[in-house]
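For reference, the structure is listed below as structure tokens.
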Amino acid sequence: MTEGNADEHDDHGHEHGEGHGHHHDDIETLGVSVVTISSTRSLDDDPSGDAIVSACTDAGHDVVYRELVPDDHDRIQSIVGQLSKRDDTDIVVTTGGTGVSPDDVTVEAVDRLFAKRLPGFGELFRRLSYDEVGTRVVGTRATAGVVEGVPVFCLPGSTDAVRLGVEEVVLPETPHLAGLARHEDEADEETESGDEDAK
């Protein structure tokens, strides 16, 4: 795991699955960047970030970057944008800032970065959360989308919510989702390059 400049690009050697059928794009070992959004915690006191790291590494994936930033719109937008451009990052998972208080600005910060939104993530997360917290799910704005060909998942700050979201939704689907998103992003880049050459 590395903690440092998000602009650094390190290729950790992805293992792209050569399975059968429509799963040939699956990424077997994901490079995961983790961002905790909090104005009161530190990396030494970050149980939700720890829960993401544990869930991902237990599933055999690599946590390649971890950072903690305050509840600041521009800082959040900047770090997520930078991480999505790293060669070693297949997915970004954030925790914190998805509620309804004035300081909760994660959703607003990442929304403008999304090339594509993944509404099913938030819908499913809230459906699963209902069994644990009941109608309080209306207060969570967990969201996801694709930024620079990289799926970005924004989860609440609660450790229980993080475990639920990562273990029950993110990890089961992301190897396939990340492979498809990156493949499509690369295809878009090739198309744009071809259009430029034709001018």
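The values are calculated or read from the model by the stated rules, or taken from the named source; none is laboratory data. On a predicted model such as this, the values are computed, not experimentally measured, just so you know. A quick note on method: Cβ atoms are made from the backbone with ideal geometry, for glycine too, and the neighbour counts reach across all protein chains shown. These accessible areas exclude ligands, DNA and RNA; they are computed on the full protein's heavy atoms, side chains included. Shrake-Rupley method; radii C 1.70, N 1.55, O 1.52, S 1.80 Å.
If you restrict to DSSP beta bridges whose two residues both lie in segment 31-192, what percentage is antiparallel, to the nearest 5? Each step should come with its number before you reach the end.
On the way: 8 of 24 bridges.
Antiparallel bridges: around 35 percent, rounded to the nearest 5.
Put ARG66, ARG136 in order of accessible area, largest first, 1.4 Å probe: what do you get? Let's see the in-between values first.
Values: ARG66 20, ARG136 175 Å².
Per-residue accessible area, sorted high to low, gives ARG136, ARG66.
Give, as a single signed number, the net charge of other residues whose beta carbon lies under 12 Å from the beta carbon of THR40, with Lys and Arg counted +1 and Asp and Glu -1. Net of charged neighbours comes to -3.
Let me know the whole percent of all Cα-Cα pairs from segment 31-192 that are separated by more than 29 Å.
Values: 1360 of 13041 pairs.
Roughly 10 percent, rounded to a whole number.
Of the listed residues TYR65, TYR130, the order by accessible area with a 1.4 Å probe, largest first, is TYR130, TYR65. Heavy-atom accessible area, probed at 1.4 angstrom with all protein chains present, ranks GLU67, GLU123 as GLU123, GLU67, highest first.
A simple spin-label model places the labels of SER39 and ARG117 2.6 nm from each other, with each point 7 Å out along Cα-to-Cβ.
Can you compute the charge dipole magnitude of segment 31-192 about its Cα centre, using +1 on each Lys and Arg Cβ and -1 on each Asp and Glu Cβ, nothing else charged? Give it in debye, rounded to the nearest 20.
Details: 14 positive and 32 negative charges, 105 e Å.
The dipole of segment 31-192 has a size of about 500 debye.
Model label sites at ASP50 and VAL133, defined 7 Å from Cα along the beta-carbon direction, differ in position by 2.0 nm.
Tally up the carbon and sulfur contribution to the accessible surface of segment 31-192 as a whole percent, 1.4 Å probe, everything protein left in place. Intermediate values should be presented prior to the final figure.
Working: 3330 of 7290 Å².
Solvent-exposed carbon and sulfur of segment 31-192 make up 46 percent of the total.
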